[in-house]
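This report concerns only the one structure given below.
The values are calculated or read from the model by the stated rules, or taken from the named source; none is laboratory data. As the structure is a prediction and not an experimental result, all values here were calculated from the model. Here Cβ is always computed from backbone atoms with ideal geometry, including for glycine, and neighbour counts include all displayed protein chains.
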Amino acid sequence: MSKEVESMRAADSDRQQIADQLKAALDEGRLSLHEYDERIGAAYAARTYAELLLIVKDLPRPGVSAAEVRAQARKAARRLPTALLVLWTIWGALAAVNVVIYALVAVSITEFVYPWPIWLLVPGVALGAVTAGVQVIRNQNRGD
């Protein structure tokens, strides 16, 4: 949510929705009765969406198991940023086209053809190094 939306006033139905989420967390054993009581009071006293969201910030959606939460976190950690996915897609497409053209030329000519698609390894290795660096940085930031 944007800062502007978070600063908007919450309605009674929004407070009730948060109260229902807190009740589900209590039923699942994620909250003690004391924590539930504190958070319910804060939910009904909340005036803005930001205050409501802060109350349930550390809770997963109702019905989500710990294994599912861990699996979602691992999946998010493995996912590459969109810019890198686009770059890998472009590089893969260019590499495939160059290798196909090279194969067609090599088959149609009887003499030796310099294997020029090998030069595509240079940007591929550079892209691989950037990808590895991004993953290392993301892992370090997640460890903080």
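Mind listing just one residue for me: the one in the stretch 1-23 that is of a type outside the set (Asp, Glu) and in contact with a Ser or Thr (Cβ under 9 Å, 6 or more places away or on another chain) and, of those, surrounded by the fewest Cβ atoms within 10 Å (Cβ to Cβ)?
At the first step, the residues of the stretch 1-23 found to be of a type outside the set (Asp, Glu) are 1-3, 5, 7-11, 13, 15-19, 21-23.
Imposing the further condition that a residue be in contact with a Ser or Thr (Cβ under 9 Å, 6 or more places away or on another chain) reduces the set to 7-10.
Values: Ser7: 13, Met8: 14, Arg9: 10, Ala10: 19.
If we take residues in the stretch 1-23 being of a type outside the set (Asp, Glu) and in contact with a Ser or Thr (Cβ under 9 Å, 6 or more places away or on another chain), then Arg9 is surrounded by the fewest Cβ atoms within 10 Å (Cβ to Cβ).
Go through the residues of the stretch 96-103 one by one and say whether even a single one is more than 30 Å from Arg138 (Cβ to Cβ) and hydroxyl-bearing (Ser, Thr, Tyr). Working first, answer last.
Taking the stretch 96-103 first, the residues more than 30 Å from Arg138 (Cβ to Cβ) are 97-103.
Retained after the next criterion (residues that are hydroxyl-bearing (Ser, Thr, Tyr)): 102.
Yes, some residue in the stretch 96-103 is more than 30 Å from Arg138 (Cβ to Cβ) and hydroxyl-bearing (Ser, Thr, Tyr).
Look through Leu94, Leu85, Leu33, Leu26 and report the one residue that is more than 30 Å from Pro117 (Cα to Cα), surrounded by 12 or more Cβ atoms within 10 Å (Cβ to Cβ), of a type outside the set (Gly, Ala, Ser) and at pLDDT 85 or above. First the steps, then the outcome.
Details: Leu94 fails: more than 30 Å from Pro117 (Cα to Cα); Leu85 fails: more than 30 Å from Pro117 (Cα to Cα); Leu33 fails: surrounded by 12 or more Cβ atoms within 10 Å (Cβ to Cβ).
None of the other options fit; the residue is Leu26.
Output the number of the condition that Leu59 fails; it satisfies all remaining conditions of (1) surrounded by 15 or more Cβ atoms within 10 Å (Cβ to Cβ); (2) at pLDDT 85 or above.
(2)
Tell me which residues, restricted to the stretch 4-19, are assigned to a helix (DSSP H, G or I) and either under 27 Å from the mean Cα position of the chain (by Cα) or not assigned by TED's automatic domain parsing to the domain that holds Val56 (or both). Walk me through it before giving the result.
Here is the first cut: in the stretch 4-19, the ones assigned to a helix (DSSP H, G or I) are 4-6, 12-19.
Residues satisfying the conditions are Glu4, Val5, Glu6, Asp14, Gln17, Ile18.
Among all residue pairs at least 6 apart or on different chains, which show Cβ distances below 8 Å where the first residue, located in the stretch 72-94, is closer than 16 Å to Pro123 by Cβ and the second is of a type in the set (S, T, N, Q)?
Going by the 8 Å Cβ cut-off, the qualifying pairs are Leu84/Thr131; Trp88/Thr131.
Yes or no, residue by residue, for (1) farther than 30 Å from Pro60 by Cα; (2) in a helix (DSSP H, G or I):
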| residue | (1), (2) |
| --- | --- |
| Arg70 | no, yes |
| Thr89 | yes, yes |
| Val113 | yes, no |
| Val122 | yes, yes |
| Gly128 | yes, yes |
